[in-house]
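What follows is a short report on a single structure.
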Amino acid sequence: MITNEHIPQNVNTIINDLEPRAFGRIGKLWVAVLVGFSLIGLFFYIQQVRQGLGITAMRDYSTWGIYVSNFVFFVAISLVGSLISAILKLSKAKWADPLTRIAEMIAVAAIIFAAIVIIIDMGRPDRFYNVIIHARIQSPITWDVIVITTYLFISLLLLYLPLIPDLAILRKRPERLSKWQNNLYGWLSMNWKDLPVQKNILNKSISILAVIIIPVAFGIHTVTSWLFATTFRPGWDSTNFGPYFVSGAFMVGAATVIAAMYVFRKAYKLENYIHLKHFDYMGRLLVLLSLIYLYFNINEYFIPAYKMKTSEVEHLKELFIGRHAQLFWAVQILGMIVPIVVLIFKRGRRPLPLLVISIMVIVGAWFKRFLIVVPSLAHPLIPTNRVDPTWLNYFPTIPEWFITIGTLCGALLIITMLVRVFPIIPISETIEEMNARQNKKL
Amino acid sequence: MKKIIYSLVLILSISLCSEGILIGQDDTTVNEPVKIRLSLLYQNINNTGPRLLATVKTKVDRSYITLEDVNVKFYFGDSDESLYLGSLKTNDSGEALFLVPETLRKIIDTTAVYLYTAAVQNEPGIKDKETDVEIIKSKVDLSFYEEDSIKKVRYQFWTADSLGNMIPVEDLNPIFYIERLFGLLAVSGEFATTDEEGVCEIVFPDNLLGDSNGKLKVLVKIDDHDDYGTIIAKAQIDWGIPLVQSDQSLERELWSSGANAPIYLVFIVNALLGGIVFTLIYIIFNLYRIYTLSHE
């Protein structure tokens with residue numbers, strides 16, 4: 001029996017519990033580590049700009065490496081915003097309300113770094129300007145630029161709009177706020193008066209955003225998949241790629257929210273707001289999404305393996321029994337099969353096992369993107385005679401690893417800073433739910 | 001004790017041997033001139049006179065590499081009794097292609113058999129080397145004609161007899177090519193052979209794309225023959241299918257330039273984008289309404 005659904009019955013307690021808090025010792029250490037790795041990543045990025053992409057392991061065959069797999073990973077993570085804030089909200093899954101802000105914060109951080117990573121991959125950052133001025137509307141790259149920008153804007157609005165009443169509530173207690181917080185909250189809350197007409201406009205706007213973010217979210221990852229699927233390369237030349245990417249994105253997004261809610265619940269003592277019920281439901285959701293992803297994986301690998309077209313043979317052999325086999329089977333089994341098996345059982349959906357499984361899913365998802373991007377590039381359609389062996393065996397260089405780790409830490413830093421500045425759980429919605437429960441009792 | 005003495009003797013022996021090897025190596029590193037391989041090929045294109053191709057290579061680690069910037073001297077005749085033709089430096093492929101000047105050709109063209117010599121002499125760091133090639137004088141003719149609507153290429157080959165008279169050569173195997181963008185397309189196969197009149201004919205393929213006027217370049221080659229060298233006959237004929245180039249970049253297609261994107265795509269993308277932008281503007285307007293309501 002999943003219990004522990006207590007919500008404090010006092011407005012002040014709720015506000016006190018949910019207001020942003022200054023970092024403690026561990027929090028400061030966490031920020032220092034993230035800043036440190038981000039700066040190391042920045043240092044290597046400056047080296048890359050100065051010396052060129054030659055410092056990476058990307059060569060004529062593997063023109064995309066971990067930068068692009070990292071980009072796909074970030075885009076995938078960002079879809080969680082639409083899953084929790086839109087799909088679950090529109091399907092009246094009220095239990096997910098406390099998780100909406102966590103999901104939106106993750107989505108905003110991920111999509112910002114998706115855009116940054118792709119500029120890193122270009123080598124010289126000014127090349128992005130060329131992408132804009134020489135844009136071809138026929139190119140999936142142009143569609144990707146458009147849809148990422150749009151998704152970022154919608155995600156920011158979907159993060160911001162529900163924050164307005166919360167910031168107004170926090171601003172009513174200036175004695176508990178620092179000066180910068182007071183100014184920031186005042187500016188962002190636009191002197192919110194909690195008028196019924198304001199509430200009406202705000203709820204309507206949030207609902208509209210929740211509707212339009214769904215096709216944009218599907219668009220962002222489908223277009224990302226088309227960057228691959230519009231080519232004839234083995235492993236990419238698939239009509240299955242759009243749904244395959246989207247389902248994988250929802251799966252890793254759900255796992256990220258689970259990991260985040262476990263950490264925030266522990267760090268900020270939010271047991272009264274993020275209940276065992278939330279872990280259980282998110283665990284069930286993760287099983288469902290993993291099963292859908294498994295279905296698309298079977299389609300993606302089984303059918304080509306059944307046909308073994310000449311162009312696909314080398315690629316599939318490398319994945320199944322070749323040099324990428326260990327990573328491939330580890331990702332498929334530990335990142336997908338094991339989570340499904342464990343999360344089917346109720347015990348597996350308790351917070352700690354669920355956290356472990358979620359981390360397995362996230363790590364597996366990162367390496368899965370690597371397996372999607374890199375092995376296909378080792379088999380060009382027109383191979384070169386006596387090719388340099390370094391072209392065939394891509395392994396990221398130290399600068400690539402540190403730049404990638406820097407971007408991952410940068411995304412975590414944005415989430416951490418958002419958590420420092422804004423409430424993690426929507427305060428006004430929690431108060432409304434408390435009022436609704438009290439009215440129901442009466 | 002014995003063991004120690006044996007060990008010392010062994011170590012001393014190995015040391016002395018090693019030293020000997022090292023000393024030996026030192027001896028070989030004294031600036032000895034580099035041995036080279038010099039080859040000479042004779043070419044003639046459309047009877048325009050001799051072209052002498054010399055290639056200079058040297059052996060490094062069991063494989064030959066070409067040598068650049070080596071001066072090669074060309075002679076008519078052998079080294080004892082010869083006419084100096086001129087000299088050239090090898091290019092980055094180790095090759096020096098010498099075209100015998102018109103003025104010298106008249107002097108040379110008095111015998112049926114030619115002897116050409118290439119020599120690398122007095123080059124710093126390079127051991128002197130010379131090589132020669134003996135060639136019998138020859139002549140080719142390439143013509144085109146049409147018979148019963150069948151297009152044919154006619155090739156004829158003569159050589160000089162001992163009296164200097166030009167006589168046809170039988171049983172030669174010229175290869176007929178047509179020049180394409182990235183190489184030569186063989187159109188005769190391996191069994192085209194000259195008859196007793198020195199003639200070899202092939203049917204010209206009627207399905208080849210030419211330039212915008214249908215022009216094709218035909219090349220007939222006898223490659224590195226022991227007696228005649230490399231003899232090439234070249235000609236141009238407008239028997240190809242004229243290439244009609246349509247400027248597809250100006251059509252509205254998926255693969256066209258950005259300015260010529262298909263109308264339906266421009267419409268769909270802009271409609272989708274417009275719909276979203278309009279919605280977002282509406283949301284921003286709603287934020288403005290919320291703001292104004294707070295200040296009323």
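Tabulate in residue order the Karplus-calculated ³J(HN,Hα) for segment A:120-135, using 6.51 cos²θ - 1.76 cosθ + 1.60 with θ = phi - 60°, rounded to whole Hz; enter x for Gly and Pro.
4, 5, 6, x, 6, x, 5, 5, 4, 4, 5, 4, 6, 6, 10, 4
Among B:Asn31, B:Asn213, B:Asn173, which one moves the most in a GNM of chain B with springs linking Cα atoms closer than 10 Å?
Maximum fluctuation in the GNM of chain B, among the listed residues, is at B:Asn31.
Do the sum for the protein assembly as shown: with -39,500 (n - 2.57) for every DSSP H run of n ≥ 4, divided by all residues, what is the mean residue ellipticity at 222 nm, to the nearest 500 deg cm²/dmol?
-17000 deg cm²/dmol, from helical runs alone.
When B:Ile290, A:Ile292, A:Ile303 are ordered from fewest to most other Cβ atoms inside 10 Å of their Cβ, what list results?
Least crowded to most crowded, the residues run A:Ile303, A:Ile292, B:Ile290.
What ³J(HN,Hα) values, in whole Hz, does the Karplus curve 6.51 cos²θ - 1.76 cosθ + 1.60 give for segment B:254-260 when θ = phi - 60°, with x put for Gly and Pro?
In residue order, the calculated couplings are 4, 9, 7, 5, x, 6, 10 Hz.
Relative contact order of chain B: what whole-number percent is it, with Cα pairs under 8 angstrom and at least 6 residues apart?
12 percent
Pairing the Cα long axis of helix A:276-307 with the longest principal axis of chain A, what angle in degrees results, from 0 to 90 and rounded to the nearest 10?
The answer is roughly 20 degrees.
If amide H atoms are built 1.01 Å from N in the plane of the peptide, which residues on other chains or at least 5 residues away come under 5 Å of the amide H of B:Gly86?
For B:Gly86, the qualifying residues are B:Phe74.
Give the Debye-formula value of log10 I(q)/I(0) at each listed q (0.15, 0.20, 0.21, 0.24 Å⁻¹), with one equal scatterer per alpha carbon of segment B:37-136, two decimals each.
Once normalised to I(0) and log-transformed, intensities are -0.58, -0.97, -1.05, -1.31.
Between the helical axis of A:398-421 and the dominant principal axis of chain A, each derived from Cα atoms, what acute angle in degrees is found, rounded to the nearest 10?
On a 0 to 90 degree scale, this one is about 10.
Which residue, B:Val153, B:Gly189, B:Val277, has the largest displacement toward the positive end of the dipole of chain B when charges sit on each Cβ (Lys, Arg +1; Asp, Glu -1)?
So the residue we want is B:Val277.
Per residue of B:283-292, count partner chain C-beta atoms within 10 Å of its C-beta, then hand back the mean as an integer.
Shielding by partners across B:283-292 averages 6.
Counting other Cβ atoms within 10 Å, which trypsin sites (Lys or Arg not before Pro) in segment A:379-442 have at most 16 and lie in a DSSP loop?
Those that pass, being in a loop and sparsely packed, are A:Arg386.
Show me, for segment B:148-154, the HN-Hα J-couplings you get by feeding each phi into the Karplus relation (A = 6.51, B = -1.76, C = 1.60, θ = phi - 60°), rounded to Hz, glycine and proline as x.
Each residue of segment B:148-154 in turn: 6, 6, 9, 8, 10, 10, 10 Hz.
What FRET efficiency would be calculated for the residue pair B:Leu163, B:Thr103, taking the C-beta separation as r and a Förster radius of 25 Å, to the nearest 0.05?
So the FRET efficiency works out to roughly 0.45.
Counting only other chains, what is the mean number of Cβ atoms within 10 angstrom of the Cβ of each residue in peptide B:250-260?
2
In degrees between 0 and 90, to the nearest 10, how far off the longest principal axis of chain A does helix A:25-51 point, with axes built from Cα atoms?
Its long axis makes an angle of about 30 degrees.
Residue separation times 0.36 nm, minus the C-alpha to C-alpha distance between B:Asn207 and B:Asp195: what's the value?
1.6 nm
Between A:Lys317 and A:Leu381, what's the calculated FRET efficiency when r is the beta-carbon distance and R0 is 22 Å? Round to 0.05.
My answer for the efficiency is 0.80.
Viscosity 0.692 mPa s, temperature 37 °C: Stokes-Einstein D of chain A from its Kirkwood Cα radius, in µm² per second?
Estimated diffusion coefficient is 142 µm²/s.
Rounded to the nearest 0.05, what FRET efficiency is calculated for A:Arg284 and B:Phe182 with R0 set to 45 Å and r the Cβ-Cβ distance?
It comes out at approximately 0.15.
Students often get this wrong, so check it: of A:Lys204/A:Lys269; B:Lys139/B:Lys221; A:Lys94/A:Lys441; A:Lys89/A:Lys266; B:Lys106/B:Lys221; B:Lys106/B:Lys215, which have C-alpha atoms separated by over 23 Å?
A:Lys204/A:Lys269; A:Lys89/A:Lys266; B:Lys106/B:Lys221; B:Lys106/B:Lys215
Could you work out the relative contact order of segment B:138-237, using alpha carbon pairs under 8 angstrom and six or more residues apart, expressed as a whole percent?
Worked out over segment B:138-237, it gives 25 percent.
Quick check for you: which residues of segment B:111-155 have the amide N under 13 Å from the point 7 Å beyond the Cα of B:Asn71 toward its beta carbon?
Under cut-off, by backbone N: B:119-126.
Within segment A:418-441, whose backbone N sits under 15 Å from a point 7 Å along Cα→Cβ of A:Asp194?
Taking a point 7 Å out along Cα→Cβ of A:Asp194, the residues of segment A:418-441 whose backbone N falls under 15 Å are A:427-436.
GNM, chain A, Cα, under 10 Å: largest mean-square fluctuation among A:Val223, A:Val387, A:Val108?
A:Val387
Which Cα, out of B:Asn46, B:Ile65, B:Val34, lies furthest along the positive dipole direction of segment B:30-90 (beta carbon charges, K/R +1, D/E -1)?
About the Cα centre, the residue reaching furthest to the positive side is B:Ile65.
Could I have the simple spin-label model distance between A:Gln9 and B:Lys215, label points 7 Å from Cα toward Cβ, reported in nm to one decimal?
The modelled label-to-label distance comes out at 10.0 nm.
For A:Arg127 and A:Glu175 in one chain, what is 0.36 nm times their gap in residues minus the Cα-Cα distance, to one decimal in nm?
Contour length minus the Cα-Cα distance gives 12.4 nm.
Give me A:Ile116, A:Ile220 ranked fewest to most by other Cβ atoms within 10 Å of their Cβ, as a rough exposure proxy.
Listed from fewest to most nearby Cβ atoms, that is A:Ile116, A:Ile220.
Using a Cα-Cα cut-off of under 19 Å, which aspartates and glutamates could be cross-linked to B:Lys89, ignoring same-chain neighbours fewer than 8 residues away?
B:Glu68, B:Asp69, B:Glu123, B:Asp128, B:Glu130, B:Asp132
Among the aspartates and glutamates, which have Cα under 19 Å from the Cα of A:Lys309 when same-chain residues fewer than 8 positions away are ignored?
Reachable aspartates and glutamates: A:Asp237, A:Glu300, A:Glu318.
Using a 10 Å cut-off around each Cβ, can you sort A:Phe345, B:Phe191 from fewest to most neighbouring Cβ atoms?
B:Phe191, A:Phe345
Averaged across A:135-143, how many Cβ atoms of other chains sit within 10 Å of each residue's Cβ atom?
Shielding by partners across A:135-143 averages 5.
Read the figures in this text as sums done on the coordinates, not as results from a lab. Quick caveat: nothing in here was measured; it's all calculated off a predicted structure. Positions of Cβ are generated from backbone atoms using ideal geometry, with glycine treated the same way; all protein chains shown enter the neighbour counts.
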